[in-house]
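Reading through the structure tokens given below for one structure.
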Amino acid sequence: GAVVSQHPSRVICKSGTSVKIECRSLDFQATTMFWYRQFPKKSLMLMATSNEGSKATYEQGVEKDKFLINHASLTLSTLTVTSAHPEDSSFYICSARGWGMGETQYFGPGTRLLVL
Amino acid sequence: AQTVTQSQPEMSVQEAETVTLSCTYDTSESDYYLFWYKQPPSRQMILVIRQEAYKQQNATENRFSVNFQKAAKSFSLKISDSQLGDAAMYFCACGTLWGDMRFGAGTRLTVKP
């Protein structure tokens, strides 16, 4: 149980284009989803927290207009990197937690983004 | 926000031996949770063990156990009978009721056959 998927697993795009990453909870309803960014050989940095049906809460220093987050249902959250630039290249990981699951976050497998 | 410190960038252990990974944290929250996650080369984050701060008893999960010292804000992970599959990056994390979780810098564990 508590499986989270992400799609795509890796994406290469040209500078200036937008990229959408999907995060799905497969066997539970995710009341809250989280988006993290991980640079090579570094730790995870929380970007934003999203609750189903409400606006995401962004961490300080994260551009809301750059990283659009939508949590339209209890099983799906999307992260859209708008007008991507090479410095946005990174590993993006989502996590989710649901009712009755305590405070544990279950992580997706991550998405590797490379912006050329 | 919470801060989490892992002072051991790398650790090494012989197969079948025991190793302890250190973690200290700081938080102003009275209710919080502590976690150890494992990240193998696949980069999938896997929950190893969790501890509720209000519980005094140390959590255990098979070969994994923690030494939770609340007053010292210390949360170390002990891996007994180490296996080759335990080799990975290990992240200590502190989370609140609201869900925001902060991770330490990680410890890379190597298991020698």
Item to complete: Compute the FRET efficiency between residue A:54 and residue B:62 as 1/(1 + (r/R0)^6), taking r as their Cβ-Cβ distance and R0 = 41 Å, and round to the nearest 0.05.
Response: 0.60
Worksheet entry | Rounded to the nearest 20 debye, dipole of the protein assembly as shown from Cβ charges on Lys, Arg, Asp, Glu | 400 debye
Practice prompt. Normalising by the residue count of the stretch A:6-92, find the relative contact order in percent from Cα pairs under 8 Å and 6+ residues apart.
Written response: 35 percent
Worksheet item: Once you have the alpha carbon radius of gyration of chain A, what is it after dividing by 2.2 N^0.38 Å, with N set to its residue count?
Response: 1.00
Practice prompt. At 7 Å along the Cα-to-beta-carbon direction for both residue A:116 and residue A:18, put a label point, then send me their distance in nm to one decimal.
Written response: 2.2 nm
Worksheet item: Between residue B:30 and residue B:52, how many nm apart are label points set 7 Å from Cα along the C-beta direction?
Response: 1.6 nm
Discussion item. Within chain B, how many Lys pairs that are eight or more residues apart, or on different chains, come under 21 Å at the alpha-carbon?
Written reply: 8
Discussion item. For a Förster distance of 22 Å, can you work out the FRET efficiency between the beta-carbons of residue A:72 and residue A:99, rounded to the nearest 0.05?
Written reply: 0.75
Worksheet, complete the sentence: Output for the stretch B:51-84: trypsin sites (Lys or Arg not before Pro) sitting in coil per DSSP, at most 14 other Cβ within 10 Å, listed by number, reads B:55, B:63, B:70
Worksheet item: Between residue B:108 and residue B:70, what length in nm is gained on full extension when 0.36 nm per residue of separation is reduced by their alpha carbon distance?
Response: 11.2 nm
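Read-outs throughout are calculated quantities, based only on the coordinates presented, and are distinct from any laboratory measurement. Bear in mind the structure is a predicted one, so any value in this text is a computation, not a measurement. Every residue, glycine as well, gets a Cβ built from its backbone with ideal geometry; the counts of neighbours run over all protein chains shown.
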